[in-house]
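The block underneath contains the structure these notes are about, expressed in structure tokens.
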Amino acid sequence: MSVKASEMAIIILYAYCIGSIIYHPTSFVLPNAFRAAGDTKFTMTWSIATMFVVRIGLSNILDLYCHMQIYGIWLAMQIDWIVRSIIFVFRFISGKWHDIRVV
């Protein structure tokens, strides 16, 4: 049974909209606040690390072994947002970003 591209797009759009409401503020807006406060090294390191390990690595695993195709890629992206959210919320709570001097 083949799935039409429009049906796939609708499912992916729903997943994106739900994820962007729940995870976008803490996985993208919060790191931008850290960058504005001068905490650039931490945000860059963890953003790149989670993108390669979680998003790219997990999407390959989900496609090769679970045969999820494009759904696996989008699921890996959602999981990447969750992992980033957890990391950046812990960084915010720890307060280490307060100690960085911009000038």
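Restricting to the range 53-95, what's the tally of residues that are closer than 25 Å to residue 33 by Cβ, part of a helix (DSSP H, G or I) and free of Cβ contacts under 8 Å to residues at least 12 places away in the same chain? Give the steps one after another, and end with the answer.
Kept after step one, since they are closer than 25 Å to residue 33 by Cβ, are these residues of the range 53-95: 53-55, 77-95.
Within this subset, residues satisfying the condition of being part of a helix (DSSP H, G or I) are 53-55, 77-94.
Applying the additional criterion that residues be free of Cβ contacts under 8 Å to residues at least 12 places away in the same chain yields 53, 86, 90, 93-94.
Here the count works out to 5.
Kindly evaluate residue 87 against the criterion of being surrounded by 15 or more Cβ atoms within 10 Å (Cβ to Cβ) and modelled with pLDDT of 95 or more. Don't jump to the end; show me each part of the working.
On the way: surrounded by 15 or more Cβ atoms within 10 Å (Cβ to Cβ): yes; modelled with pLDDT of 95 or more: yes.
So residue 87 passes the test.
Do you know which of the residues in the range 44-77 that are within 16 Å of the chain's Cα centre (by Cα) and among the β-branched types (Val, Ile, Thr) is farthest from residue 88 (Cα to Cα)?
73
Could you run through the range 9-45 and say how many residues are part of a helix (DSSP H, G or I) and surrounded by fewer than 17 Cβ atoms within 10 Å (Cβ to Cβ)? Before the answer, list the steps.
At the first step, the residues of the range 9-45 found to be part of a helix (DSSP H, G or I) are 9-22, 24-36, 40-45.
Remaining after also requiring surrounded by fewer than 17 Cβ atoms within 10 Å (Cβ to Cβ): 9-18, 20-22, 24-25, 28-29, 32-33, 35-36, 40-41, 44-45.
Adding up the residues that qualify gives 25.
The values are calculated or read from the model by the stated rules, or taken from the named source; none is laboratory data. The shown structure was predicted, so the numbers you read here are calculated from the model rather than taken from an experiment. Note: ideal-geometry Cβ built from the backbone for every residue, glycine included; neighbour counts use all protein chains shown.
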